[in-house]
Amino acid sequence: MANVGSGASGNTYIGTGNGKSGTYVPIGTLSGLTDHGVVIAQGNGAFVASSPGTAGQILTSNGASADPTFQAAPSGGIVTIDGDTGSITGSTVTIYANQATQQAGATVAFVNSGTTSTFEVTDTSHNTLIGKFSGNSSLSGIRNTALGDSALFALTGGNENVSVGASSLAALTTGFNNSCLGYGAFGYITSGSQNIGIGDGAGYLCKNGNESGNIYLGHYGVNGESNAMRLGLDGVTSTAYMSGVNGVTVSNQLMVVMDSATEQMGTAPIPTSPNPNQVITLVDDFTSWYFESAFLFEVQSVYPWLTDSLYPFSGVASPIGGYPGLITNPSIGAAGISYLYMGQGGQNPAFILGFGAITVEWVFNIITPPDGTNDYFITCGMIDSVSGGLNWLIFQAHFGQNWQLINSFNASTTTTDSGISITTGWHKFSISVDAIRSTATYSLDGNIFTISPDIPTLAISPVFRLLQNSGTVPAGSVVVDLFTLTQTLTTSR
C-alpha cells in the first residue's frame with residue numbers, strides 16, 4: 001500500500017516504504033501544486049500539475065513524450081467532405097442544387113428537415129426538369145418533363161410537354177402536349193401545341209412560334225406549317241420502306257399517289273375501264289400516216305383527217321428525239337394553208353358541247369418559229385369549219401404575238417392573252433370543256449387558264465392548222481406527234 005508522508009523542507013512524498021526511502025517521490029511543496037490543475041506523474045521525479053485550462057477545453061494527449069494539456073474540444077459536426085473534384089470543409093457545410101441559377105434544373109432541390117436531407121427532382125405540380133437552365137422558377141404549368149441543358153427554358157404556363165435534348169423546346173412558353181427528342185428540336189416555337197419532333201434539329205425551322213399539330217421524324221420542318229407529317233431529310237433519306245402493307249387487303253380502296261415536285265402524298269380513285277357506251281376516246285400518234293392516219297383510215301368514210309390538197313401534212317422519215325410517228329408541214333407559199341381537220345369536206349363537225357365533258361390535246365414541236373420575214377399563224381383546238389367558221393375554242397399565235405386563247409360563239413368572241421410567247425421545242429396544249437358547257441380550261445404546257453364566256457353550243461371538231469401570213473413557211477417548221485380526244489357523255493347511249 002502506498003504511503004504519504006512529509007519530508008524535509010515541507011515536501012510531501014508518496015510511494016511505498018517509510019520515511020525518506022528512495023521509493024518515495026516528492027509531490028511538491030506544501031503550496032507548490034497549481035490550483036485546479038491535474039497531477040501528472042514524472043517517473044522518479046516530482047509530480048507536477050497541469051494548467052487548469054479554460055471552460056470548454058478538454059485534456060488532450062500530446063503524445064508519449066509530452067505532458068497532456070487542456071485544449072479546445074474538436075467540433076462535433078463534419079470536418080471535410082471530398083467530391084469528384086474539390087472538397088468542402090467546416091463544422092457546417094451546404095449541399096444544394098442552386099435553384100436560383102438553375103444549375104441542375106428548375107425542380108431539382110435538396111429539402112432539409114431536422115437530421116434528414118431529401119433529394120427531389122419533381123415539384124409539387126408534377127414537373128420534372130433536369131439539366132442546367134432546364135425550366136425556370138416562374139413555371140406554373142403542370143406535368144412537364146425536361147432533360148437537357150436549356151430544355152423548356154422559357155416555359156411558364158404550358159402543360160404536359162416532354163423535352164429531351166439540349167435546347168429542345170427552349171423558347172416554348174405556353175404550348176401544351178409537345179413531345180421532342182433531339183438537340184434543338186422545335187427550339188423556336190413559343191405557343192405551338194401537339195407537335196412531335198424526333199431527331200437532331202427536328203422542326204427547328206418552324207420559327208413563326210405558333211406552328212401546331214406537326215409530326216417531323218428526322219426533318220427540319222417548314223416555317224409556318226401546321227398539321228403536317230414529314231418523314232426523312234431531303235438530300236439524306238433516299239429510300240423508304242414500310243412493313244405491314246404488302247399482302248393486306250382493305251375495303252374502300254384508293255390509290256396512293258405523290259406529287260413528284262413537293263413529295264406530298266395523297267389518294268386518287270382507282271382507274272376503271274371506261275364504259276364504251278358512255279366514253280368516246282380517239283387517239284392518233286400518226287405512226288402509220290398515209291394521207292390519213294391508220295386509225296382514222298378505218299373511219300375515213302365518216303370523219304377522216306382532212307388535209308389541204310395543195311399543202312398536205314406528210315410523215316417524217318426519222319423520229320425526232322425518240323418520238324415515233326410524226327407528221328409535218330410542207331413548204332407553204334402565199335396565202336397557203338396546211339391543216340388537219342376531222343370532218344367531211346372541211347365542214348360537218350363531229351362533237352357537240354354540253355352533252356358531256358370533253359378534252360382535246362395536241363403534242364407538237366415547233367422547229368422553225370414564225371419570224372418577221374416568214375410569218376405564219378399556228379392554230380390548234382376545235383373549230384366548226386377549217387376555212388374559218390364562227391364557233392371556236394382555239395390556241396392561236398404568230399410572229400410578235402403571244403399565244404391567244406379564243407372562245408367564239410356565232411362570231412361573239414372572247415380573246416385572252418396568255419402572256420406566253422411562241423418558243424421552239426416540244427409543247428403539250430389541251431382544251432377541256434365541262435359537261436354543262438359552262439367553263440373552258442386551256443392548258444399551255446401546264447399553265448392553266450379558265451374562260452367562261454362565248455363557249456359554242458354548236459358542233460365543232462379537232463383542228464391543227466398552219467396559215468401563211470408573209471413570206472414562205474419553211475417545210476418542217478412544225479411537227480405533230482400526238483392527238484387525243486375524250487368525251488364522257490352525260491347520258492350513256
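The values are calculated or read from the model by the stated rules, or taken from the named source; none is laboratory data. On a predicted model such as this, the values are computed, not experimentally measured, just so you know. Virtual Cβ from ideal backbone geometry, glycine too; neighbours counted across all protein chains shown.
State yes or no: is ARG465 part of a loop (DSSP other than H, G, I, E, B) and surrounded by 15 or more Cβ atoms within 10 Å (Cβ to Cβ)? Judged against the criteria, ARG465 is not a match. Residues in the stretch 148-167 that are aliphatic (A, V, I, L, M), surrounded by 23 or more Cβ atoms within 10 Å (Cβ to Cβ) and within 16 Å of ILE196 (Cβ to Cβ): ALA151, LEU152.
Somewhere in the stretch 453-465, is a residue at pLDDT below 95, aliphatic (A, V, I, L, M) and over 22 Å from LEU282 (Cβ atoms)? Give the derivation first.
Step one: of the stretch 453-465, the residues at pLDDT below 95 are 453-465.
Within this subset, residues satisfying the condition of being aliphatic (A, V, I, L, M) are 455, 458-460, 463.
Imposing the further condition that a residue be over 22 Å from LEU282 (Cβ atoms) reduces the set to none.
No, the stretch 453-465 contains no residue that is at pLDDT below 95, aliphatic (A, V, I, L, M) and over 22 Å from LEU282 (Cβ atoms).
Determine, yes or no, whether ILE422 is outside any strand (DSSP E or B) and either touching a helix residue (DSSP H, G or I) at 6+ places or on another chain (Cβ under 6 Å) or under 17 Å from ASN365 (Cα atoms) (or both). In short, yes. Residues in the stretch 79-100 include none that are assigned to a strand (DSSP E or B), farther than 18 Å from LEU169 by Cα, touching a Leu at 6+ places or on another chain (Cβ under 7 Å) and not assigned by TED's automatic domain parsing to the domain that holds TYR204.
Search the stretch 70-81 for residues being closer than 30 Å to THR94 by Cβ and at pLDDT 80 or above, and hand back the single one that is surrounded by the most Cβ atoms within 10 Å (Cβ to Cβ).
Taking the candidates together, the pick is GLN71.
Scanning the stretch 58-93 for residues that are touching a strand residue (DSSP E or B) at 6+ places or on another chain (Cβ under 8 Å) and free of Cβ contacts under 8 Å to residues at least 12 places away in the same chain gives THR60, ASN62, THR80, SER87, ILE88, THR89. For ASP35, are the conditions met, namely being outside the structural domain of GLY158 (by TED's automatic domain parsing), touching a strand residue (DSSP E or B) at 6+ places or on another chain (Cβ under 8 Å) and not in a strand (DSSP E or B)? When the stated conditions are applied, ASP35 does not pass them. Within the stretch 429-447, one or more residues are part of a strand (DSSP E or B), among the aliphatic types (A, V, I, L, M) and under 36 Å from the mean Cα position of the chain (by Cα). Inspect the stretch 457-477 for any residue being touching a Lys or Arg at 6+ places or on another chain (Cβ under 9 Å), among the hydroxyl-bearing types (Ser, Thr, Tyr) and touching a residue at least 40 places away in the same chain (Cβ under 8 Å) and give the result as yes or no. So far as the stretch 457-477 goes, yes, one or more of its residues are touching a Lys or Arg at 6+ places or on another chain (Cβ under 9 Å), among the hydroxyl-bearing types (Ser, Thr, Tyr) and touching a residue at least 40 places away in the same chain (Cβ under 8 Å).
How about the stretch 314-400: which strands (runs of 3 or more DSSP E) wholly inside it have at least 1 residues that are touching a Cys at 6+ places or on another chain (Cβ under 8 Å)? Steps first, answer last, please.
Details: elements: 337-342, 356-366, 375-383, 392-397.
Correct list: 356-366, 392-397.
Residues that are modelled with pLDDT under 90 and closer than 13 Å to TYR341 by Cβ within the stretch 379-397 comprise ASP384, SER385, VAL386, SER387, GLY388, GLY389, listed in sequence order.
Matching residues to (1) more than 30 Å from ASN159 (Cβ to Cβ); (2) exposed (fewer than 14 other Cβ atoms within 10 Å of the Cβ):
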| residue | (1), (2) |
| --- | --- |
| ASN62 | yes, yes |
| PRO68 | yes, no |
| ASP84 | yes, yes |
| TYR96 | no, no |
| ALA104 | no, no |
| VAL108 | no, no |
| PHE119 | no, yes |
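Of all residues in the stretch 265-289, exactly one satisfies the criterion of being modelled with pLDDT under 70, among the hydroxyl-bearing types (Ser, Thr, Tyr) and surrounded by 10 or more Cβ atoms within 10 Å (Cβ to Cβ), namely SER288. The listed residues are ILE394, ILE406, ILE431, ILE422, and the only one of them that is among the hydrophobic types (A, V, I, L, M, F, W, C) and under 11 Å from PHE449 (Cβ atoms) turns out to be ILE431.
I'd like to know if the stretch 460-477 contains one or more residues that are within 42 Å of the chain's Cα centre (by Cα) and under 18 Å from THR379 (Cα atoms). No, there is no match, as no residue in the stretch 460-477 is within 42 Å of the chain's Cα centre (by Cα) and under 18 Å from THR379 (Cα atoms).
Among the residues of the stretch 370-385, write down those that are out of contact with any strand residue (DSSP E or B) (no Cβ under 8 Å at 6 or more places or on another chain) and under 16 Å from PRO456 (Cβ atoms). Listed by number, the list holds a single entry, SER385. Exactly one residue out of ASN410, ASN374 is more than 44 Å from the chain's Cα centre (by Cα), under 20 Å from TYR311 (Cα atoms) and polar (S, T, N, Q), and it is ASN374. Across the stretch 168-183, the number of residues qualifying as small (Gly, Ala, Ser) and surrounded by fewer than 22 Cβ atoms within 10 Å (Cβ to Cβ) comes to 2. When every residue of the stretch 484-492 is checked against the conditions, at least one turns out to be farther than 14 Å from PHE355 by Cα and either part of a strand (DSSP E or B) or at pLDDT below 90 (or both).
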